[in-house]
1. Just to verify a result, which residue in segment B:309-363, among those that are touching an Asp or Glu at 6+ places or on another chain (Cβ under 7 Å) and of a type in the set (Gly, Ala, Ser), is farthest from B:Pro380 (Cα to Cα)?
2. Does A:Leu116 count as within 30 Å of B:Glu73 (Cβ to Cβ), crowded, with 17+ Cβ neighbours inside 10 Å and more than 9 Å from chain B (Cβ to nearest Cβ)?
3. Take B:Ile465 and decide whether it is closer than 14 Å to B:Phe436 by Cα and not assigned by TED's automatic domain parsing to the domain that holds B:Leu56.
4. Does at least one position in segment A:73-80 carry a residue that is away from chain B (no Cβ under 14 Å) and touching a residue at least 40 places away in the same chain (Cβ under 8 Å)?
5. State yes or no: is B:Leu179 under 27 Å from the mean Cα position of the chain (by Cα), surrounded by fewer than 22 Cβ atoms within 10 Å (Cβ to Cβ), more than 24 Å from A:Ile37 (Cα to Cα) and at pLDDT below 95?
6. If you scan segment A:32-48, which residues turn out to be in contact with a Pro (Cβ under 9 Å, 6 or more places away or on another chain) and either more than 14 Å from every other protein chain (Cβ to nearest Cβ) or part of a helix (DSSP H, G or I) (or both)?
7. So which residues in segment A:222-233 are under 28 Å from the mean Cα position of the chain (by Cα) and surrounded by fewer than 19 Cβ atoms within 10 Å (Cβ to Cβ), if there are any at all?
8. Being away from chain A (no Cβ under 13 Å), within 24 Å of the chain's Cα centre (by Cα) and touching a residue at least 40 places away in the same chain (Cβ under 8 Å) narrows it down to one of B:Gly204, B:Gly146, so name that one.
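The values are calculated or read from the model by the stated rules, or taken from the named source; none is laboratory data. The shown structure was predicted, so the numbers you read here are calculated from the model rather than taken from an experiment. Cβ: placed from backbone, ideal geometry, glycine included. Neighbour counts: every protein chain shown.
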Amino acid sequence: MGKYALRRLAQMAPALFLVSVAVFMIIHLIPGDPAKIIAGPNATDEQLAALTRQFGLDRPLWEQYVTWLGNALTGNLGHSFINNYPVNQMIALRVPATLELALAATFIAVIIAFPLGILAALRPGSLVDLLSTLFAALSFAVPGFWLAILLILFFSLRLQWLPPSGRPDFADQPVEHVKALIMPALTLGIALAAKLARYLRSAMLDVLDRDYVRTARAKGLQERAVIVRHVLRNALIPVITVLGLQTGDLLSGAIIVESVFAWPGVGRLTVQAIGWRDYALLQADVLYIVLAFMVINLLTDLTYGFFDPRIRYQ
Amino acid sequence: MAVKKWLYPLIVLALALAVAACAPAAPPSAGEAPSTGQAAAPEPAAPTGPQPGGTLTLSLGNDFVTFDPYFDEENANFKAPIFEAPIRISDDGGFEPWLAESWEMSDDGLTITLHLRQGIKFHNGRELTADDVVWAVERVLDKDKGYHLSDRFTTATGATKIDDYTVAINYSKVANSALDGIARLYILPKEADETVATQPIGTGPFMLEEWVPGDHLTLVKFPDYWREGEPYLDKVIVKPIPDPQSRMVNLLAGSIDGLWGVPLADKAMLEQVEDVVVDESPPGFSFYAFIMNIQEKPFDNQLVRQAMNYAVDRDKINQLAFHGQANMTMLPYAPTSWAYPADLEGFYTFDLDKAKALLAEAGYPDGFQTQMLIRGAAGPYLDMAQVYQQDLAQIGVEMELLPTEIPQYFPKLIGSEFAIVSHGTGEATVDPSGLFEGAACCRPFRNFFGITEDTTWFPEYKALIDKASTSLDQEERKALYHDAVKILLEQGWTIPVAWRQQVYALKSHVQGLRTDLDGQIWLNGVWLSQ
């Protein structure tokens, strides 16, 4: 498995290279000229030309890419067009917030979805199943921004338990930090929980009908052991796939939730980069998102083997 | 579904409780605790005067992208707490000495000499001298660094140091708008040139403690500030909260003391909240407008342009697009301006019959089809265009709306790639010349709306503006601007609709906070009454 993981990691390099070429080209194809946006409508032609030159946009695209690649290989992903801040630092500042939110949301999703999904599958048609279906339907139907505002109204304004926005420094205010994380994580976690619970329910229902489950029961195994060792374990593969994809999504930033809770994550940085056509920032940002997906995919693949020993890594 | 029937009422009850629990809370009234985690406090004693100390927390909406004071975008209304200029726009609409204790204009009007105060320090501890002002002017004139401020120094040729505290700024021609430029010439130390975008250093009342992008900006009181006793606050925190609804809830919950960018739809509601004060920047500088490209058919026809003016129902636009909260205008100057042409009020009124008759006279009795470029994918520019679209339909004009996100919008605007546009224009200047020398809508040069030297009325229009710009006689200038506005209305390519104003809301314990006449958030005299 170690060898497999290393090989996969090595494969990421060419993939990242190809992605970087594609992203570079696509970004430059998006309509909108950073020099014109930054210079504003009152700029003179000379000012526009000066900014275009300053950003290096007057050179051929391939030359711009080669320069970028050369710098990227030395760890320099460029500087923001607007404030000249190193973009890898800009992203590094946001990644911890995004990572923290993604993990907390995933944790909340798992602790809601697993009991709900399992109970719903074990007693199809029961009250628990009905409530689980209702929860899923509501979660799918309720838009994130609305749920977020509702949570703020309830927990911040009415009960005054949780801060409505921000992310206090953990070192200075650990309790406030955790309190500030609860609502954004809950908003994202609830939506994810609904998906996971539905997948888990249907995967378990599928497995419960299998012959080997009947055999396990026939040989006198306790119901708890049947469910945990035979049913749940076999039903987990599709759930892990969904969980992996969704976590990748969360790692690429949750724009709406970040905006409502003023959470300083990657999502808002992406919006800022697109809005200003800040090519260097956008390029680095998209590469981070691709890398996050690749790592999550690898972890997902490795997790399969943990739950299903039949899966071999070669 | 094997759910027992008796369970249904219980489920309904549980759902009802959940919904009730989540219902929006009523805005806090007097006596109710305004802040998270705070117990209800007794009514504060009547304030006796400014009290020093305290932390003010604001949200302006989006995060800062740069602190460079020559850059006029995101949060550009937050320069004054950090940076200062040699003079400033006073509350009565004139200019007052600031970093410069006095100034004078040479007899030929080509030189403005500034006499700087002594002993003013930058946040890095160095004293401000004439060299810094000379360098600031050079920076404005530098094509790489002048950004949006350079537009206010188009006639400046440079600056010369006379002594350590005296600077002369030279101009190639008399420019009545020169003082407007100097009032925005925020001075930073030369050594901060490369880092000012992320680590601002000025001479203002507050200095940077930390900026965590996306999270917060913390400013602390500058202990060596040159104005005795100011500022009162110890600390100012600015939190980016991009979502306007969330921003309002943060204000109600007490996690911020003030916010900028109150949606007009929510202004009336916020005004009802007892411990919240809603205010707005004065009208008179920038306005919402529909503007036509006079090179594009059918707007190359003056009669069509006039018909388009008669089809604007400002009352309806105010009610439907601005929730009845906007100050509408047909003229490009506010009544507070000395150049306000009062006799031109009502030059156009909402009159669809007249509009239809003009279209018929222009050869379009059945109307025509056109497309309107909209600034932004959503928001006021689209909202007001939708109301206009309905009225135009009644005179046979089918107008397709093209909402366009900002990065694509400006290149299209600058490239004149449109027939008509829903835009925001105007130039914040004390001197009325700003409208014709800076504002995209109305200036005769670098005009995106098809006005060129070949335009038949161009020479007359340009001559009026040039003469008004260089005349030193206010009465004469008023008459010249009057005639220029008249041409603007007769030719009708720009249709002013409503004033663009900053709407902000503050907790009632915040005293003395306002936007000044330049739209800058003015924190010098702000104090907290609790």
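1. The qualifying residue farthest from B:Pro380 (Cα to Cα) is B:Ala311.
2. Criteria not met by A:Leu116.
3. Yes, satisfied.
4. yes
5. Yes, satisfied.
6. A:Pro34, A:Lys36, A:Ile37
7. Within segment A:222-233, A:Arg233 is the sole residue that qualifies.
8. B:Gly204
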